[in-house]
Amino acid sequence: ADLSMRFGLHSGPVTAGVLRGDKSRFQLFGDTVNTACRIESTGARDRIHLSEETANILIAKGMRDWVSPRDTLVEVKGKGMMQT
């Protein structure tokens, strides 16, 4: 079987809570979570895609080598054109 993954990371405020029902589960809500999901859905296989906000945080922490911007902007649903 061929296994591949893709990730979307965005930094910002979230709301967290435990949802009760048949099975209790911890969940995150908010625009930050939605943006990360949208970044992931536009991503390529076997890549970690970062928002510009997250990339700037990594760069500020001295991790510039971890960041490699795409050559083009990406159309992100509900967000418009983004650099990831």
Can you tell me the equivalent ellipsoid semi-axes for region 38-84? Use √(5λ) from the Cα gyration tensor, largest first, whole Å. 19, 12, 9
Along principal axes, Cα extents of region 18-67, largest first, whole Å: 45, 25, 18
For the chain, compute Rh as the Kirkwood radius over C-alpha pairs and then the Stokes-Einstein diffusion coefficient at 4 °C and 1.567 mPa s; write the answer in µm²/s, rounded to an integer. 91 µm²/s
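Throughout, read-outs are computed from the coordinates displayed, never taken from laboratory work. The structure presented is a predicted model; accordingly, all values stated were derived computationally and were not measured.
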